[in-house]
Amino acid sequence: MIRTTLALAMVGLLYGCGMGEADPSPPVGDPPPEPDSGQMELWKLKLMLADRASNNDLHRSGPSSWSTVFAPGGSMIRPGVGEIRGQDAIHEAFMEDVYSGAVADLTWSPGRAEVSRAGDLGYTVGQYLATGVDSTGVRTSVRGMYVRLWVRQADGNWKVEMEIRNPVTEPEVMDEPTSGHVP
């Protein structure tokens, strides 16, 4: 009885792992056809526009719009903090920064975008500037680079799956107040 049960479990395991059925993976050899260059450029343009639009949304709609650009399970990696996963956690972390004054203004601009052949994954690389007030009350600014990994959703819109920021400068003391702020 035990041997029969074990044998059936092993057959089920092997079958579930693909043993005993045809291999569903595509044959090795020719890669999928390349989309035409016009389609690739259109996808890149749409991704750049999505990234720029998220910056504009933050300044137009305020900090509550920050997390809406992220996919539901998306995450961001912040220097000195680590990974923050999920729209709610990202929203909460950003709001803490805004209310504490650590982020008075955040602006970013993508410099380039790349998209997968299938047009379902892409990334943007750009620069950001964050201004705020440090723990001693001194106004500071940090410049850096960022990478955003984007996933195209079923509705065709792009959402951020992962954002990584890398400060290029140490926080600098500002001589004058910031010209803008997160509304």
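So between Asn157 and Val138, what do we pick up on full extension, going 0.36 nm a residue minus the alpha carbon distance?
Details: separation 19, 0.36 × 19 = 6.84 nm, distance 3.96 nm.
My answer for the length gained is 2.9 nm.
With θ taken as phi - 60° and the Karplus curve 6.51 cos²θ - 1.76 cosθ + 1.60 applied, the whole-hertz 3J(HN,Hα) list for segment 72-78 is x, x, x, 8, 9, 10, 10 Hz, x standing for glycine and proline. Scalar couplings 3J(HN,Hα) for segment 84-89, obtained by applying the Karplus form with A = 6.51, B = -1.76, C = 1.60 to θ = phi - 60°, are 10, 10, x, 4, 5, 5 Hz; x denotes Gly and Pro.
Tally Lys/Arg at +1 and Asp/Glu at -1 over every other residue whose Cβ is under 15 Å from the Cβ of Asp97; what's the total? Provide the component values of the computation, followed by the final result.
Values: positive: Arg78, Arg139, Arg165; negative: Glu92, Glu96, Asp105, Asp134, Glu163.
Overall, the nearby charge balance is -2.
Scanning residues 5 or more positions from Phe70 or on other chains, those with amide H under 5 Å from its amide H are Val160, with H placed 1.01 Å from N in the peptide plane.
Read the figures in this text as sums done on the coordinates, not as results from a lab. Just so we're clear, the structure is a prediction, and the values are computed from it rather than from any experiment. Here the Cβ is made from the backbone with ideal geometry for all residues, glycine too, and neighbour counts use every protein chain on show.
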